[in-house]
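A short write-up of the structure that comes next.
The values are calculated or read from the model by the stated rules, or taken from the named source; none is laboratory data. Being a predicted model, the structure only gives us computed values, none of them experimental. Here the Cβ is made from the backbone with ideal geometry for all residues, glycine too, and neighbour counts use every protein chain on show. Just the protein is used for accessible areas: all its heavy atoms, side chains included, with ligands, DNA and RNA removed. Shrake-Rupley method; radii C 1.70, N 1.55, O 1.52, S 1.80 Å.
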Amino acid sequence: MKKGVIYLLAGVLLIGIAVLWHLKRGRPNPSEPSLTAQSEPVSLPEDRPGENTYAPSPAEFSEEMPEPPPASDKNKLDISRKPGEPLNPPPVPAHIPEPAEPPLGWAEAEVSLASRNLQPRNVYGRFETIRIAPGETMQIRLKWPKADPDTPVAIEVANAGRLDDGSTSKLIYTDSSGCLDFGYTASDWPGMCMVVLRSGFQETSLNFWVPPPGGEDEVPGL
């Protein structure tokens, strides 16, 4: 029984020593800095107004911050462009191919006026402009090099004047040599007169200019 009492006292003593050691370990040591002191904000000299402040002079600022290089001419905005024009226009081809010859070929024309006979040049389906007098009547002969006989051709007065039968449009046929003949009377008013001939998808136009009084040279032509 004595041994049991001794063991019990020894256990209590050990427990007491352990409790005291833990209590001593949890107390703050005055010689060591506390966590609370470390968590306090430390004021720097820059945070205090009037102490350790520095402001660069304009000369020093210009030296530290160099000016950007000037923009090249390539990057400059072209203010001469008109609205809708592309920034970089497409290049102009050095050679523009001619249009393909139509199935009937390029037409040839002979225009017989009261004082002269003309053979205007055909520029890809559009004949040269011919100056005429107001209300002048003429005879026109057209020939297509590759036209077969009895090829239908629709004739239409596009803006002013009338055909030989008094109408503004009619359908005629080529003869055995691929030619057709018709008459046309121009308008009494100054301006452009146009006669359009169509056969299938092929189109040819004759152009006449009735100049105003004193304006014979306003539009170039025959």
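Accessible surface for Ser169 stands near 70 Å², nearest 10, in the context of the full protein assembly shown (1.4 Å probe).
Take the Cα of Glu98, step 7 Å along the line toward its Cβ, and report every residue of the stretch 144-182 whose backbone nitrogen sits under 20 Å from that point. Those under the cut-off are 144-147.
A probe of 1.4 angstrom, applied to the heavy atoms of all protein chains, finds Tyr124 with accessible area near 120 square angstrom.
In order along the stretch 186-194, the Karplus-derived 3J(HN,Hα) couplings, from 6.51 cos²θ - 1.76 cosθ + 1.60 at θ = phi - 60°, round to 6, 6, 7, 9, x, x, 8, 10, 10 Hz, and Gly and Pro are given as x. Taking Val157, Val92, Val5 and ordering them by how much accessible surface each has at a 1.4 Å probe, largest first, produces Val92, Val5, Val157. Computed over the alpha-carbon atoms, the stretch 122-173 gives an Rg to Rh ratio of 0.97, Rh here being the Kirkwood radius from the mean inverse distance. For Ala160, the residues whose modelled amide H falls within less than 5 Å of its own, excluding neighbours fewer than 5 places apart on the same chain, are Met194.
These residues, Arg126, Arg25, go from largest to smallest accessible area, 1.4 Å probe, as Arg25, Arg126. Around the amide H of Glu128, modelled in the peptide plane, lie the amide H atoms of Arg121, Val123, all under 5 Å away and 5 or more residues distant in sequence or on another chain. Going by accessible surface with a 1.4 Å probe and the largest first, Lys24, Lys170 read Lys24, Lys170.
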